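> Here it is, the structure in full.
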Amino acid sequence: MYIVLLGPPGAGKGTQAQRIAAATGLLHISTGDMFREHVKNNTELGQLANQYMSRGELVPDEVTIKMLLERISRDDAKAGAMFDGFPRNVAQARALDEALAARGARVDRALLISVPDEELVARLSGRWICRNCGRLYHERNDPPAAPGRCDACGGELYQRDDDRPEVVRSRLEKQKPPADLIEHYRSAGVLREINGLQSLEAVTHDLLEAIK
Ligand code: ADP
Ligand code: ADP
Ligand code: ZN
């Protein structure tokens, strides 16, 4: 099964993808995490991507699509995956459709998590991430047991550079799922809309229902 998670920055895509991966064993693929890994390792791709990420802009399709197609060509993605942060536009969606069609598969569900803007700002400004395992936290909504330490692995928590208010504004302007992307999946009959303004548990429940 191939699932796409759609939603604005801060909607809860990463958090829910981690929870659903833990509950179902489905592979979680996050293009944001992949880019951050490249930035951390200071690869050529990381240096290029960071120029866009630090401004709250999308990394160009050419490099993003190439990276994603390479990722899904690996064996662990043959049986299915849950995409978090990809596709961000119709060109990316078409590239994914073609790659899946070539192996007799398709996007089975596109789950759109909706959350109003004011709440997104609060979620992004309180987001903390484990430097070691990538687990997501929120300083008020989903805090770790010990401040600054990951419950899962004991790693150090950090805040993303692009979660600073100036960059958040740009991301919220430029990175909401565009109407034609939502329409792409609606017309294919695979779109389901989920109310993201609920507890973590309630959102997980609705998402799991939608992929049953
Ligand atoms: P968010 O908190 O918005 O879910 P992500 O972790 O998904 O953020 O993405 C972080 C940054 O990585 C984005 O601001 C963008 O610069 C880049 N990025 C991630 N996925 C894509 C994509 N599919 N296309 C282009 N750029 C992307
Ligand atoms: P996205 O991947 O869509 O950018 P994240 O999953 O990183 O979003 O979530 C953004 C922040 O909001 C994180 O700090 C997370 O802990 C918090 N969060 C996610 N879902 C909820 C929710 N349902 N209620 C409250 N806070 C949430
Ligand atoms: Zn951790």
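Residue-wise test of (1) of a type in the set (Phe, Trp, Tyr); (2) within 16 Å of ligand 3 (Cβ to nearest atom); (3) at pLDDT 95 or above; (4) under 29 Å from GLU70 (Cα atoms).
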| position | (1), (2), (3), (4) |
| --- | --- |
| LEU100 | no, no, yes, yes |
| ASP117 | no, no, no, no |
| ASN141 | no, no, yes, no |
| ARG169 | no, no, no, no |
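> So which residues in segment 28-57 are surrounded by 17 or more Cβ atoms within 10 Å (Cβ to Cβ) and under 13 Å from the mean Cα position of the chain (by Cα), if there are any at all?
Those that are surrounded by 17 or more Cβ atoms within 10 Å (Cβ to Cβ) and under 13 Å from the mean Cα position of the chain (by Cα): HIS28, ILE29, SER30, THR31, GLY32, MET34, PHE35, ARG36.
> Of these, ASP151, ASP180, which one is at pLDDT 95 or above and under 19 Å from ALA17 (Cα atoms)?
ASP151
> Going through GLU183, GLU166 one at a time, which residue ends up being of a type in the set (Asp, Glu), surrounded by fewer than 13 Cβ atoms within 10 Å (Cβ to Cβ) and closer than 20 Å to LYS13 by Cβ?
GLU183
> Evaluate the following for VAL107: is it within 18 Å of LEU207 (Cβ to Cβ), within 17 Å of the chain's Cα centre (by Cα), touching a residue at least 12 places away in the same chain (Cβ under 8 Å) and in a loop (DSSP other than H, G, I, E, B)?
Yes; evaluated as a whole, the condition is true for this residue.
> Looking only at strands (runs of 3 or more DSSP E) that fall completely inside segment 1-88, which ones have 2 or more residues that are touching a Leu at 6+ places or on another chain (Cβ under 8 Å)?
On the way: elements: 2-6, 28-30, 81-84.
Because the criterion is at least 2 residues that are touching a Leu at 6+ places or on another chain (Cβ under 8 Å), the strands (runs of 3 or more DSSP E) in segment 1-88 that meet it are 2-6, 81-84.
> Please go through segment 124-135 and give me each residue that is within 14 Å of the chain's Cα centre (by Cα) and near ligand 3 (Cβ under 10 Å from one of its atoms), ordered by number.
ILE129, GLY134, ARG135
The values are calculated or read from the model by the stated rules, or taken from the named source; none is laboratory data. Source: prediction; values computed, not measured. In this analysis, Cβ positions are derived from the backbone assuming ideal geometry, glycine residues included, and neighbour counts consider all displayed protein chains.
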